[in-house]
Every structure is written in C-alpha cells, then in structure tokens.
Amino acid sequence: MRLMSVLAAFLLAACVPSPGAEVSMSRSAGLSSEGLSASLPIAGKYAGRPTASSRSNDDIARDFMDLTFRMESGRLLPVFSRFEGPITVRASGQIPPSGKSELSHLLNRIRSEAQLNIREVSSGPASINVEFVPRSSIQQTYSNVACFVVPRVSSWEEFRQSRHTRVLNWASVTQRDRVAVFVPSDSSAQEIRDCLHEEMAQAMGPLNDLYRLSDSVFNDDNFNTTLTGFDMVILRATYARELKSGMTQKEVAARLPTILARVNPAGRYRGGERTNVTPRFWINAIEVALTSGNAMARRQASARQALATAKAQGWRDGRLAFSYFALGRLTLAKDPDAALAYFEEAGKIYRRLPGGQIHSAHIDMQFAAYALSQGQATRAISIVDAAMPVVSRAQNAALMATMLFIKAEGLSLLDRDAEARAVRIDSQRWARYGFGTDAQIRARSAEIEALARRAKKG
C-alpha cells in the first residue's frame, strides 16, 4: 500500500496479500496517472532534514537483525549480503520528468546521511539498475504492486526471462553484485519518489518490512514515505567496515554493538520494552482487512481479528495502533462514533512512538474531515493548521493537499471566501506533485467538497 484513507468514502490505497515470488516490493496506491511532472513545494519554515533516530542501540540492533535476516514473507535468509565496494546506479527506460531529479536528490541524501560511497553512472554496468516501466506492466506481473526490486538482473527484459528460475531467489544471494529496481514511469511524482526511496534502500540493505517500526520506510503501513533518520542508521550500519557479505546471524549480531556505538552514539542507553516477532496470522488479517476486493463483512471481521490478536499479544507499539486504525477506517461509513473512538486510540499510541507524528497527522486528517462534514469549520481548520508542519516535514504532498482542500472548504463555510481562494491556489502545488493528474486532483477535491455540502444541508 502507499497511502492511507481520508474517510471510508474515498480510499487512497489498499494492502494486498504478498505475491508468491520472493521479491521486495511496495504496494500500489491504485492511482492512474497521465505522467504530469511537478516539483515538491516545501515551505521554508517547515523544511529540513529528517530527525535523528531517538531509539536505543539495543532496540536498533534487534530491528537490524529482524530486517536483515528475513524476507517480507517471513522466510529466513541464511547469510548477510550487501554490495562490496563502491555502489553505482544507472537509470533507464521511460524516465519521467521528475525521475532524474528525485534520484539525484536521494543519492545526495544517502551519501550525506548514511555516508555510503554511491554515485550515478550514465551507461555501462551498474550495481543498481533503476528501470522506469509502465505501471500497467508492473501490475500485470504483480497485481496492486507499485514497484519492486530483484537480484541478479539489470533490466525488465532480463527479469521477465528469469522470473520462473532460481536467479531471482534472494535466499541464495551471498554477495550483491547487481540488482534491478522497477519503478512506474507514469505515476504521480510522489509515488515515483516514494518508490525510489523504499526500493533503493532495500536494494542496498534490508529486504524485510516490520509493522512494529513507526519511524521507518521498512514498514508495510507506508505512513513514512521517504527515508528517515532511523533508516539512515540502518544503511550506515549495513555498510560498516566490521561486516562483510556471507556472515551468519551470529557473526553479525556479535559486531553490531560496536558498530552502533560508533554510527549512533546518541543511542547508548538501555533498550525499551521487549517485542516479539509479528505472527503471520496477524499480517494476513491486516492484509485481508485492507484489500478492497474483499467483501466488506470479511474485511471488518479480519480487522477485528487483527485488533484482538494485537491485544492478546500484549503489543503497545505500532501494530496495536495500526490495528485500531484499520478497524476505524472500515467502520467509519457505518458507525462514525465507533470509528472515531478507534482513531483516537490509534492516535494515543502513535503520539508516544518514535517518529509517530506523521501517523498522528493521518489520524488528524480523519478528524478534520469529519469535523468539516458536521459543519464544525473552525475545528476542522484548527486541526489542519496544527498538523501542517508535520506533514510538510514528512514531504507528503498528497496528504498536505487533502488537508488544504479541507481547510479551503472550512473557510468557505465561514464565508471567508478570499482566504479560501488563496488556500485552494496553494493546494494545487501540492496536489500536482501528490496526485499527478488533473483528473485525480479534481476527484479528491470533489470528495472534500461533498463533505462541505453535507454540512450545509445539515
């Protein structure tokens, strides 16, 4: 999945069960795009580098091992693998207008924050081969998948020829030599950027995603859409001089404390609460709950099962919060009061988790949209204004545009038409980057306008 819902009436994304192939992938947002280009309008007072990880090194070491020695399917990886030596990156295919600049910005961040020796090349062999292909080609291969990464091939054609062989088996990789990242050429600028961040990170480092991580792109909830401070620590540790390809879990675990003490000195304190591996049946329940093709009754039952499992496991982290969020999302149309209670519980948890501010902002959007639908314009505007700095720092243009749509409609309800027009103009810059096409922008705007009309009729 790529984006969360605003209200049950207009869902932006859905989780789907993982396909059988052992590839690392990012879920599709389900957007159709005409390939329009846009630049990201980051407001100066909000812009800045991601905050450093606030977690203890004990916790990071545990997460590093779980991320590095498992696939998303839960399959164990026998040895540690990475690129040895300088990493080169080559872009090819139907490169969209934003593709080159997004890739260049990402590589600059990786060099600066993760301190990796990585550079782009224009031709010849490369360690990481980023090929932009039509969205339809990706989805004909893996339904509802936005982008993915595979080992030992350099092109889409090579991937197709190797798809049903052992060539693409990550479990047999002991040292990374070349990998291919496939990104849609005709999606919104934001989805292209998000795909580059997540798949490039997995091309170089961990192949797993963990639902318990609230401050990472290595999480299938996709609240974080660009590499975080935690992610940069993980990548920097992956390429520490003490490690080398082919090491066992025991060998890597023995070296991690020294590595993390050097790359993350702020984390030298005792770890927090212990956590357990996420059972597959909880993941399956979440995936069923958020798959739009399933019957609503089945989705709601699966969401309730996921929440019951999270409580029974004693979780107090992002998995419990996401269980509440999923159930709220599926309950909102039928029982708004219950849904808002679920969102409130999710928000309480996210607000105390590392990096949980963007998760809380998604929930605040739910409350702002609901307030607008009830004619509580001042409350809707207040919620949006409080959340905007967080959303801007997270560079989530689709979420920011939706927030601004809500604010504009709230101002209109208060007969502050000049201010509403100014906010609508501002929203277009974010919307073009986040949604990509005029049709998508109009559809999202119309959904928010419908909430305001409901309030007027009430």
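For a quick check of your reading: which helices (runs of 4 or more DSSP H) sit entirely within segment 348-458 and have at least 2 residues that are of a type in the set (S, T, Y) and surrounded by fewer than 23 Cβ atoms within 10 Å (Cβ to Cβ)?
The helices (runs of 4 or more DSSP H) meeting that bar are 357-373, 377-393.
For segment 353-361, check the following and say yes or no: at least one residue is β-branched (V, I, T) and within 19 Å of the chain's Cα centre (by Cα).
yes
In segment 196-215, which residue that is farther than 24 Å from S155 by Cβ and among the hydrophobic types (A, V, I, L, M, F, W, C) is surrounded by the fewest Cβ atoms within 10 Å (Cβ to Cβ)?
L210
Tally the residues that are exposed (fewer than 12 other Cβ atoms within 10 Å of the Cβ) and closer than 24 Å to R75 by Cα, restricting the search to segment 272-295.
Residues that pass the stated criteria total 5.
Which of the residues that make up segment 221-258 are under 10 Å from the mean Cα position of the chain (by Cα), surrounded by fewer than 24 Cβ atoms within 10 Å (Cβ to Cβ) and either among the β-branched types (V, I, T) or in the same structural domain as T291 (by TED's automatic domain parsing) (or both)?
The one that is under 10 Å from the mean Cα position of the chain (by Cα), surrounded by fewer than 24 Cβ atoms within 10 Å (Cβ to Cβ) and either among the β-branched types (V, I, T) or in the same structural domain as T291 (by TED's automatic domain parsing) (or both): T226.
Return the total of residues in segment 409-441 being farther than 16 Å from A397 by Cβ and not acidic (D, E).
So the count comes out to 11.
Do we have N129 as modelled with pLDDT of 95 or more, among the polar types (S, T, N, Q) and crowded, with 22+ Cβ neighbours inside 10 Å here?
yes
Mind checking which residues of segment 327-347 are farther than 22 Å from I406 by Cα and crowded, with 23+ Cβ neighbours inside 10 Å?
Scanning segment 327-347 gives a single hit, L327.
Within segment 109-126, track down each residue that is among the small types (G, A, S), in contact (Cβ under 8 Å) with a residue 40 or more places away in the chain and more than 18 Å from C147 (Cβ to Cβ).
Selection gives A114 alone.
Residue-wise test of (1) within 30 Å of L399 (Cα to Cα); (2) not in a helix (DSSP H, G or I).
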| position | (1), (2) |
| --- | --- |
| T225 | yes, yes |
| R241 | no, yes |
| G246 | no, yes |
| R262 | no, no |
| N276 | no, yes |
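Looking at (1) basic (K, R); (2) modelled with pLDDT of 95 or more; (3) buried (at least 17 other Cβ atoms within 10 Å of the Cβ), which one does K311 not meet, given that it meets all the others?
(3)
On the given criteria, is A146 modelled with pLDDT of 95 or more and buried (at least 20 other Cβ atoms within 10 Å of the Cβ)?
no
Can you run down the residue pairs with Cβ atoms below 7 Å, 6 or more apart or on separate chains, where the first is in segment 84-102 and under 19 Å from R176 (Cβ atoms) and the partner is outside any loop (DSSP other than H, G, I, E, B) and among the small types (G, A, S)?
Close Cβ pairs satisfying both conditions: A91/G99.
With R193, R298 as the choices, which residue is in the same structural domain as A321 (by TED's automatic domain parsing) and either closer than 30 Å to I95 by Cβ or surrounded by fewer than 18 Cβ atoms within 10 Å (Cβ to Cβ) (or both)?
Matching residue, one of R193, R298: R298.
Regarding F218, is this residue over 11 Å from the mean Cα position of the chain (by Cα), buried (at least 24 other Cβ atoms within 10 Å of the Cβ) and not assigned by TED's automatic domain parsing to the domain that holds I286?
When the stated conditions are applied, F218 does not pass them.
Just to check your reading of the model, which residue among I381, I349, I363 is modelled with pLDDT of 95 or more and more than 30 Å from A297 (Cα to Cα)?
I381
Restricting the search to segment 154-168, which residues are out of contact with any strand residue (DSSP E or B) (no Cβ under 8 Å at 6 or more places or on another chain) and touching a residue at least 24 places away in the same chain (Cβ under 8 Å)?
Within segment 154-168, R163 is the sole residue that qualifies.
If I filter segment 138-153 for residues that are under 30 Å from W315 (Cα atoms) and of a type in the set (V, I, T), do I get at least one hit?
Among the residues of segment 138-153, at least one is under 30 Å from W315 (Cα atoms) and of a type in the set (V, I, T), which makes the answer yes.
The values are calculated or read from the model by the stated rules, or taken from the named source; none is laboratory data. Predicted, not measured: the structure shown is a model, and the values here were computed from it. Virtual Cβ from ideal backbone geometry, glycine too; neighbours counted across all protein chains shown.
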